[in-house]
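Below is one structure, written out as structure tokens; comments come after it.
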């Protein structure tokens, strides 16, 4: 039931890398979605060693992206940072690097221009990532984040970009929080097929919490109907891990082990039963 | 420059109907988008008479909709209320009734079901509206309102529904705040063509204000690039009024005449120059 569960470590944000790894082991969670901030604090080689000792699978590294700067220096630095992220992902044994593409630069209203820069950045990075064995995973974010976080807002749009690249080099992330509202979501999940690099789950709360960046809920606390989405992922052939990724200030105020326990319970209740059968063996660090 | 400007009266929410009509006259605003709440407070026949005396054009009546109740009694009442709204629109000489279709009923996760009920309600109401000479104007709302306000979230989706009905009976509303982020917006505006029943403008603020229902800004205060959207509306043949509709608590705290003056200024600065040429003569009350 938990064979494909991954704890995205931002869900237990206040846990150090050390605590998150040990927490996964204690809860029987077989995989973890890692954040660069935590890797940096714990050290890359220490993280790699600890993951190996814990026999914990890495489902993704979060996150690269932020490709939309129009200033040339800022743009170069963003690309350089993404290359470092790709290197880290390779060392960690992550199958993919999650990309949040970036919003409009401050004072800029040129949305098509920002979107072109995303495509240009991907074209620069894809060969580098491919050489490192890392798949770039383009994440459409909910349209309410378009101005500030990600000018890629729908699965259709993400696929339109990703499909210019070989399927094994550039994929997309399906995150229930970002895509549940989309009238086209089932069509696009089917279209995505082998492009799906990661499946992330959290719930949409009603009313929407005031801080939009911390508006996600545990599965079952909101209004997302998970079974049809899970069935669509299975029908599309997705056989990877399923990351529980929840940004929520109330949740974060609880002790990490309570959060992890809740993640396991809600996963078993709402998601796990749909994904009992197959499992992709991700590389281990 | 102002020939097609309409003040949506929720922009000057605290003005009574009387004050709004006089305010439009004073500012030289030739049209008004009327809200049922204000009509009710002032009286329908008094409103009709005052509008006629003021020679003010009505661009729309706001709002009908809220079609998603699954409880049969609530559903019957919603349909009855929409028929009353259609009657009011006819008496007011409004060319269309704006429809906010409704979100998920409390405790309900069946989004496709809610969407089916929208289509069913339109099928029931369209003949009634047609007989009254009122066009139903389906408004896609930003996806962040999908759960609580409108399960119709994109122009493509709204058109997919509207196109089952004669173009003169069911149209769509293009509201910059709701559609600016959509990678498909220009294609869909072109597709909409004569289906466009109303064009509404306001700006997307960064950062997004905490109250999502009051998150809109005056044109120029946010990040929406208006010229391409205006050009797309013109290319689509839209020749109706342009409503400035802004829900914003800070704006509402200012005296009504200040708001109206600001609306005129910002309209002339950002919108009016694109719409100098043609104007549809809407019926006068």
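The values are calculated or read from the model by the stated rules, or taken from the named source; none is laboratory data. Remember, it's a predicted structure, so these values are computed and weren't measured experimentally. Positions of Cβ are backbone-derived with ideal geometry, glycine not excepted, and every protein chain shown enters the neighbour counts.
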Report task. Go through the residues of segment B:173-185 one by one and say whether even a single one is in contact with a strand residue (DSSP E or B) (Cβ under 8 Å, 6 or more places away or on another chain) and either at pLDDT below 95 or surrounded by fewer than 21 Cβ atoms within 10 Å (Cβ to Cβ) (or both). Result -> no
Report task. Output yes when any residue across segment B:35-49 is modelled with pLDDT of 95 or more and over 28 Å from residue B:125 (Cβ atoms), and no when none is. Result -> no
**Report entry** Residue within segment B:152-159 that is more than 10 Å from chain A (Cβ to nearest Cβ) and under 16 Å from the mean Cα position of the chain (by Cα) present
**Finding:** yes
Report task. Counting only residues that are over 19 Å from residue A:154 (Cβ atoms), give me the strands (runs of 3 or more DSSP E) lying completely in segment A:166-285 with at least 1 of them. Result -> A:242-244
Query raised in the report: For segment B:139-151, which residues satisfy the criterion of being more than 8 Å from chain A (Cβ to nearest Cβ) and without any contact (Cβ under 8 Å) to a residue 40 or more places away in the chain?
Result: B:140
Requested in this report: Only one of these is over 27 Å from residue B:216 (Cα atoms) and either out of contact with any strand residue (DSSP E or B) (no Cβ under 6 Å at 6 or more places or on another chain) or surrounded by fewer than 24 Cβ atoms within 10 Å (Cβ to Cβ) (or both): B:119, B:134. Name it.
Outcome: B:119
Query raised in the report: Can residue B:207 be described as away from chain A (no Cβ under 12 Å) and more than 16 Å from the chain's Cα centre (by Cα)?
Result: no
Query raised in the report: Of all the residues that make up segment B:210-238, how many are modelled with pLDDT under 95 and buried (at least 18 other Cβ atoms within 10 Å of the Cβ)?
Result: 2
Query raised in the report: Mind checking which residues of segment B:105-119 are touching a residue at least 12 places away in the same chain (Cβ under 8 Å) and within 22 Å of residue B:83 (Cα to Cα)?
Result: B:105, B:114, B:115, B:117, B:118, B:119
Query - residue B:113 being assigned to a helix (DSSP H, G or I) and either at the interface with chain A (Cβ under 9 Å from one of its Cβ atoms) or at pLDDT 95 or above (or both) - result: yes
Report task. Go through (1) touching a residue at least 24 places away in the same chain (Cβ under 8 Å); (2) under 30 Å from residue B:104 (Cα atoms) one by one and return the number of the condition residue B:73 breaks. Result -> (1)
Requested in this report: Look at residue B:132 and say whether it is touching a residue at least 40 places away in the same chain (Cβ under 8 Å) and out of contact with any helix residue (DSSP H, G or I) (no Cβ under 6 Å at 6 or more places or on another chain).
Outcome: no
Query raised in the report: Which residues, taken from segment A:91-110, are under 16 Å from the mean Cα position of the chain (by Cα) and either within 13 Å of chain B (Cβ to nearest Cβ) or more than 21 Å from residue A:174 (Cβ to Cβ) (or both)?
Result: A:92, A:93, A:101
Report summary line: Only one of (1) within 17 Å of the chain's Cα centre (by Cα); (2) buried (at least 20 other Cβ atoms within 10 Å of the Cβ) does not apply to residue B:36, and that is (2)
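Yes/no matrix, rows are residues, columns are (1) at negative phi; (2) within 12 Å of another protein chain (Cβ to nearest Cβ); (3) without any contact (Cβ under 8 Å) to a residue 24 or more places away in the chain:
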{"site": "B:169", "(1), (2), (3)": "yes, no, no"}
{"site": "B:183", "(1), (2), (3)": "yes, yes, yes"}
{"site": "B:190", "(1), (2), (3)": "yes, no, no"}
{"site": "B:197", "(1), (2), (3)": "yes, no, no"}
{"site": "B:228", "(1), (2), (3)": "yes, yes, no"}
{"site": "B:232", "(1), (2), (3)": "yes, no, no"}
{"site": "B:239", "(1), (2), (3)": "yes, no, no"}
{"site": "B:247", "(1), (2), (3)": "yes, no, no"}
{"site": "B:252", "(1), (2), (3)": "yes, no, no"}
